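Visitor: First the structure, which I've put down as structure tokens, then a few questions once you've had a look.
The values are calculated or read from the model by the stated rules, or taken from the named source; none is laboratory data. Note that the structure is predicted; figures quoted are calculated from it, not measured. Glycine also receives a Cβ, built like all others from the backbone with ideal geometry; neighbour counts cover every protein chain displayed. When the accessible area is computed, the model is the full protein with side chains, heavy atoms only, and any ligands, DNA or RNA have been set aside. Shrake-Rupley method; radii C 1.70, N 1.55, O 1.52, S 1.80 Å.
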Amino acid sequence: MTAELPLSCEELLTTTRSVRYGLDLDRAVDPALVEDCLRIALQAPSGNNRQNWRWIVVTDPRVRADVAEVYRAAFYERNSAGLDRPADLPEGMRSVLVSARALADRLHRVPVLVIPCLEVPGGRLPAGNQAGLWASLLPAAWSYALAARSRGLVTAWTAVHLDREREVADLLGLPPTVRQGALLPTAHPLRDTFGPGPRLPLDQVLHHDGWQGPRPA
């Protein structure tokens, strides 16, 4: 399914959602379409133009099943308390957990799994602030999600599998110097339209000239 009219820039930026329920699990995704989206993603910023990103696209049903098995184990381990006592969670968190569980249980059926990675010298992540490191990958991963949305596909941003990153790396034959940054299940949607997500008002999260506001004169 694709929208009849091209999305405006604002609509693209405000309606690209993490789609967990509404994935068409029975419709194949053209690999050329995924590669087209990745070509766009490669225009994202890269620190010092190193371009040390690497992209794993998983379409083989056997490999998808293996990755999904590790993902499910990580998901249930991470969310055991919430799954055991869902009534203790706020409504918003409860609904997200339910949809996230649906994705985990069906991940092996999603036609394409895209795993953005970074080549890291020695494979060891630096101590302390890693913002600069991941800023060379995560904007490109989001550009992929935006490009997919603009071409009639949907994605779900998740990183649960990173709790068992080494297991997934072994399944995919990744060398020790390659670290994973996210996982983006990709499929055609079961519906055409998406709206903006629920967000706090800007005035609740905006600070001018410091946390406490402008300095006294």
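Visitor: Could you tell me the center-to-center distance, by alpha carbons, between the stretch 6-46 and the stretch 112-135 in angstrom?
Guide: Spelled out, the Cα-based centre of one part sits 22 Å from the other.
Visitor: If I build a Gaussian network model for the chain, linking alpha-carbon pairs within less than 10 angstrom, which residue out of LEU12, LEU153, LEU137 has the largest mean-square fluctuation?
Guide: It is LEU12.
Visitor: Short version: ³J(HN,Hα) in whole Hz for each residue of the stretch 146-151, in order, from phi by Karplus 6.51 cos²θ - 1.76 cosθ + 1.60 (θ = phi - 60°), x for Gly and Pro, what are they?
Guide: For the stretch 146-151, the Karplus curve yields 5, 5, 4, 4, 5, 10 Hz.
Visitor: Another question, then. Quick one: accessible area per residue over the chain, 1.4 Å probe, rounded to a whole number of Å²?
Guide: 58 Å²
Visitor: Looking at the chain as a GNM with Cα springs under 10 Å, which of LEU172, LEU23, LEU183 has the largest mean-square fluctuation?
Guide: LEU172
Visitor: If I take R0 = 25 Å and measure r between the Cβ atoms of GLU119 and THR59 in this structure, what FRET efficiency does the formula 1/(1 + (r/R0)^6) give, to the nearest 0.05?
Guide: The pair GLU119/THR59 has a calculated efficiency of 0.65.
Visitor: Would you grab the residues whose amide H sits under 5 Å from the one on ALA156? Only those 5+ places off in sequence or on another chain, please, with H modelled 1.01 Å from N.
Guide: VAL19
Visitor: Check which residues have an amide H placed less than 5 Å from ILE56's amide H, if you skip close sequence neighbours.
Guide: ILE115, CYS117
Visitor: Most fluctuating residue of LEU200, LEU190, LEU174 in a GNM of the chain with Cα springs under 10 Å: which is it?
Guide: LEU200
Visitor: A further question follows. In Å, what Kirkwood hydrodynamic radius results for the stretch 24-70 from the alpha-carbon pair distances? Don't skip to the answer; put the middle values down first.
Guide: Values: mean 1/r = 0.0767 Å⁻¹.
Mean inverse Cα-Cα distance, inverted, gives 13.0 Å.
Visitor: Go through the stretch 7-18 residue by residue and turn each phi into a ³J(HN,Hα) via Karplus (6.51, -1.76, 1.60, θ = phi - 60°); whole Hz please, and just put x for glycine and proline.
Guide: With the stated coefficients, the stretch 7-18 comes to 6, 5, 4, 5, 5, 4, 6, 9, 10, 7, 9, 7 Hz.
Visitor: So if we plug the beta-carbon distance of GLU165 and ASP36 into 1/(1 + (r/R0)^6) with R0 = 22 Å, what FRET efficiency do we get, rounded to 0.05?
Guide: Numbers: r = 28 Å, r/R0 = 1.27.
E(calc), rounded to 0.05, equals 0.20.
Visitor: In terms of modelled amide H atoms, which long-range or inter-chain residues lie less than 5 Å from the amide H of VAL112?
Guide: Hits under the 5 Å cutoff: THR186.
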